[in-house]
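Comments concern the structure below.
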Amino acid sequence: MDIAARLVIHTPLAEKILVGFIRDGVRKVGFQRAVIGLSGGIDSALSAALAARALGPENVLAVRMPYATSSPDSLSDAQAVIDALGVRSLTVEITPCARPLFAAFPEMTPLRRGNVLARLRMVVLYDQSAAFGGLVIGTSNKTETLLGYSTIYGDNAAAMQPIGDLYKTQVRQLARALELPARVIEKPPSADLWAGQTDEGEIGYTYEALDKLLYLLVDERFTPAEAEAEGFPAAMVADVWRRVRANHYKRTMPAVAKLSQRTVGHDFLYLRDWAG
């Protein structure tokens with residue numbers, strides 16, 4: 001099976017759908033503007049580009065939120081995206097916010113510190129949502145969402161996730177089609193949560209391999225055994241499928257215990273419930 005060919009998307013159609021999704025989703029809840037955390041990476045760059053096309057660049061606020069150990073390239077790459085798109089921008093240094101908590105818990109692991117930074121960034125974005133009057137647009141892709149490679153109430157907290165159904169390799173396809181800065185498209189993906197961190201180094205697999213495997217397991221509904229038969233190592237299949245299952249809670253709203261006839265998240269679900 002040529003899995004790579006099946007992951008190729010029709011980029012003009014994808015752009016049209018996602019631009020319409022953002023425009024409709026923002027406006028139907030009473031907003032005209034959007035706020036996006038711009039890291040200098042491809043996911044946030046693509047999300048910002050789509051939002052600018054949907055709402056107009058003057059209605060998009062891109063927020064850069066560096067920490068002391070952030071790569072200088074992240075700031076410069078984010079600025080290249082800001083310049084290319086013509087969106088509004090703001091830079092908020094989060095180091096002074098994080099350091100007191102880090103000092104209180106000197107035993108913090110890099111993972112814990114990274115989670116703190118991710119959540120601080122979302123605090124800034126939601127504050128700027130109120131200040132700018134813009135809906136917070138998420139930047140998570142399908143690969144990291146399935147694997148749980150995100151911080152709950154951090155980078156996965158947003159009002160909408162326009163690229164959440166695009167695998168990482170598909171994000172690159174659409175980013176190229178929209179002619180985003182080449183440096184942003186080609187550099188190794190990183191959440192920039194600590195010095196030298198890269199997504200693929202932390203996860204343990206390349207995005208190319210992950211996307212192919214996840215496509216089989218999720219989109220094609222292959223069993224792990226069937227995925228192994230396609231040539232994927234048994235250990236990788238088991239590890240990836242374990243992550244998908246274990247991190248399901250990150251992909252859902254908090255569970256509500258049902259006590260009444262109409263319970264939020266169970267029976268009270270749809271926009272039609274707001275009618276009248």
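Which count do you get for residues in the range 173-183 that are surrounded by fewer than 21 Cβ atoms within 10 Å (Cβ to Cβ), outside any loop (DSSP other than H, G, I, E, B) and not polar (S, T, N, Q)? Steps first, please.
First, pick out the residues of the range 173-183 that are surrounded by fewer than 21 Cβ atoms within 10 Å (Cβ to Cβ): 173, 176-179, 181-183.
Remaining after also requiring outside any loop (DSSP other than H, G, I, E, B): 173, 176-177, 182-183.
Keeping just the survivors that are not polar (S, T, N, Q) gives 176-177, 182-183.
So the count comes out to 4.
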(message) Of everything in the range 230-272, what is exposed (fewer than 11 other Cβ atoms within 10 Å of the Cβ) and among the aliphatic types (A, V, I, L, M)? Give them in sequence order.
(response) Ala235, Met253, Ala255, Ala257, Leu259, Leu271
(request) Specify which of the listed residues (Gly138, Gly154, Gly133, Gly148) is in contact (Cβ under 8 Å) with a residue 12 or more places away in the chain, in contact with an Asp or Glu (Cβ under 8 Å, 6 or more places away or on another chain) and under 30 Å from Arg99 (Cα atoms). (result) Gly138
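Among the candidates Gly40, Gly20, Gly25, single out the residue that is closer than 23 Å to Thr143 by Cα, under 19 Å from the mean Cα position of the chain (by Cα) and assigned to a loop (DSSP other than H, G, I, E, B). Please lay out each step first, then the result.
Values: Gly20 fails: assigned to a loop (DSSP other than H, G, I, E, B); Gly25 fails: assigned to a loop (DSSP other than H, G, I, E, B).
Of the residues listed, the single one that is closer than 23 Å to Thr143 by Cα, under 19 Å from the mean Cα position of the chain (by Cα) and assigned to a loop (DSSP other than H, G, I, E, B) is Gly40.
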(request) Filter the range 157-167 down to residues that are surrounded by 20 or more Cβ atoms within 10 Å (Cβ to Cβ) and touching a residue at least 60 places away in the same chain (Cβ under 8 Å) and give me whichever is farthest from Ser47 (Cα to Cα). (result) Tyr167
(message) If Gly148 satisfies all but one of (1) out of contact with any His (no Cβ under 9 Å at 6 or more places or on another chain); (2) surrounded by 18 or more Cβ atoms within 10 Å (Cβ to Cβ), what's the number of the condition it fails?
(response) (1)
(message) Given the criteria at pLDDT below 95, in a helix (DSSP H, G or I) and over 18 Å from Ala157 (Cβ atoms), does Asp73 qualify?
(response) yes
(request) Could you grab me the full set of residues in the range 104-121 that are surrounded by 15 or more Cβ atoms within 10 Å (Cβ to Cβ), in contact with a Phe, Trp or Tyr (Cβ under 7 Å, 6 or more places away or on another chain) and either farther than 19 Å from Pro189 by Cβ or not small (Gly, Ala, Ser) (or both)? (result) Met108, Arg113, Leu117, Arg119
(request) Tally the residues that are free of Cβ contacts under 8 Å to residues at least 40 places away in the same chain, hydroxyl-bearing (Ser, Thr, Tyr) and farther than 30 Å from Glu179 by Cβ, restricting the search to the range 60-103. (result) 1
(request) Go over the candidates Asn141, Asn115, Asn156 one by one and state the one that is under 15 Å from Leu18 (Cα atoms) and either among the polar types (S, T, N, Q) or modelled with pLDDT under 95 (or both). (result) Asn141
(request) Determine, yes or no, whether Leu38 is in contact with a helix residue (DSSP H, G or I) (Cβ under 7 Å, 6 or more places away or on another chain), under 19 Å from Ala177 (Cβ atoms) and in contact (Cβ under 8 Å) with a residue 40 or more places away in the chain. (result) no
(request) Sort through Ala45, Ala84 and tell me the only one that's within 19 Å of the chain's Cα centre (by Cα) and surrounded by 17 or more Cβ atoms within 10 Å (Cβ to Cβ). (result) Ala45
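The values are calculated or read from the model by the stated rules, or taken from the named source; none is laboratory data. This structure is a prediction, so every number in the text was calculated from the model and none was measured. Neighbour counts are summed over all protein chains in view; Cβ atoms, including those assigned to glycine, are modelled from backbone coordinates with ideal geometry.
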